[in-house]
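The values are calculated or read from the model by the stated rules, or taken from the named source; none is laboratory data. All values derive from a computational prediction rather than experimental measurement. Cβ placement follows ideal geometry from the backbone for every residue including glycine, while neighbour counts extend to all protein chains displayed.
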Amino acid sequence: MSFHLAAKPSDIAETVLLPGDPLRARFIAESYLENPVCYNQVRGMFGYTGTYKGRPISVQGTGMGMPSISIYITELIQEYGVRNLIRVGTCGSIHPDVHVMDLVLAISSSTNSGMNRKRLPQIDFAPTADFMLLKEAYEIAKAKKIKVKVGSVFTTDFFYEVPAEELRLYSSYQMLAVDMETAALYTIAAKYGVKALSILTVSDHIFTKEMISSQQKENMLHDMSIVALETAISLSE
C-alpha cells in the first residue's frame, strides 16, 4: 500500500496502462481484460489487474496534468515494481497533417511546465519514449490499418491559456499535438530506468475546431486500447 494506492505489492502487474480518466480505466479493464480485479478506489482513481491473452496487465487512472500522473507513476514504480508504463490518452492536434481520430505516438515531449527545471536546473531536459515500445506500437497500428503519426508533442500545465500564436510556433517546429501528461511520464521513467510510451488519440484540432463525436470516441478508445494492449504483451514475447 502507498499513499494513493490501496493495492498490495502483488496486486499490480509489471506492465500498466495509464488513462487519465479513472472511468476509462474501468472501461478498458471490463472490456478487454480477462477476470479483472479492482485493486484501487482511493480518491475515485480506479485501478484494475487482469490478463490479456493470458498475460497479466494492470490499468490505472492517473488524473489530469503532470503533478497528478507524477504521483501515480512514482508510486507504481517505487512501491509496486512496475517496469512498463503505457499512457492511453487524448490530445489536441496543432499540426496540419494530424487529424481527429489519428493515433499519435510521442517520440518526445517539450513542455512549459517548471517541474523539469526544478529537477535539472542547468539544462533543458528532453524526455523521450522507449524505442522498443514505440517501434512495437507503430508496427501494430500499421498492421491493423489504424491511422498513426509519430513525432514530438507538447505537454502543458494549461488547458485553456496557451496562446494560439505559441501553439502555431510549436507546430512550425513539427510538434504534432498537445497533452498534459507525457513529459512527466517520460521524465520519471528515465529517472527510474523503466520503459514508457505515450499513445494518444486526437480528440480535437486546436485550429480547425474539429471535434470527435460520441460514436467516434468509442471507436477511438477501442483502437487505442488494442494497440496499447498488443504492445504490452509484446514485452513478454
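To keep it simple, each residue is scored yes or no on (1) part of a helix (DSSP H, G or I); (2) at pLDDT below 95; (3) farther than 23 Å from VAL227 by Cα.
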{"residue": "ARG24", "(1), (2), (3)": "yes, yes, no"}
{"residue": "VAL37", "(1), (2), (3)": "no, no, no"}
{"residue": "THR62", "(1), (2), (3)": "no, no, no"}
{"residue": "SER68", "(1), (2), (3)": "yes, no, yes"}
{"residue": "VAL82", "(1), (2), (3)": "no, no, no"}
{"residue": "SER110", "(1), (2), (3)": "no, no, yes"}
**Message:** Let me confirm something: among ASP223, ASP157, which residue is touching a helix residue (DSSP H, G or I) at 6+ places or on another chain (Cβ under 7 Å), outside any strand (DSSP E or B) and either surrounded by fewer than 20 Cβ atoms within 10 Å (Cβ to Cβ) or touching a residue at least 40 places away in the same chain (Cβ under 8 Å) (or both)?
**Reply:** ASP157
**Request:** Among the numbered conditions (1) farther than 28 Å from TYR170 by Cα; (2) part of a loop (DSSP other than H, G, I, E, B), tell me where PRO96 comes up short.
**Result:** (1)
**Asked** Mind checking which pairs have a first residue in the stretch 16-43 that is touching a residue at least 60 places away in the same chain (Cβ under 8 Å) and more than 14 Å from ILE86 (Cβ to Cβ) and a second that is assigned to a helix (DSSP H, G or I) and of a type in the set (Gly, Ala, Ser), Cβ under 8 Å, 6 or more apart or different chains?
**Response** SER31/SER225
**Exclusive hit being over 13 Å from the mean Cα position of the chain (by Cα), surrounded by fewer than 18 Cβ atoms within 10 Å (Cβ to Cβ) and not hydroxyl-bearing (Ser, Thr, Tyr), set PRO96, PRO36** = PRO96
**Boolean, LEU120 is under 27 Å from ILE226 (Cβ atoms) and either at pLDDT 95 or above or surrounded by fewer than 22 Cβ atoms within 10 Å (Cβ to Cβ) (or both)** = no
**Prompt:** Any residue at all in the stretch 126-143 that is of a type in the set (Lys, Arg) and touching a residue at least 60 places away in the same chain (Cβ under 8 Å)?
**Reply:** no
**Request:** State whether one or more residues within the stretch 205-218 are in contact with a Ser or Thr (Cβ under 7 Å, 6 or more places away or on another chain) and among the small types (Gly, Ala, Ser).
**Result:** no
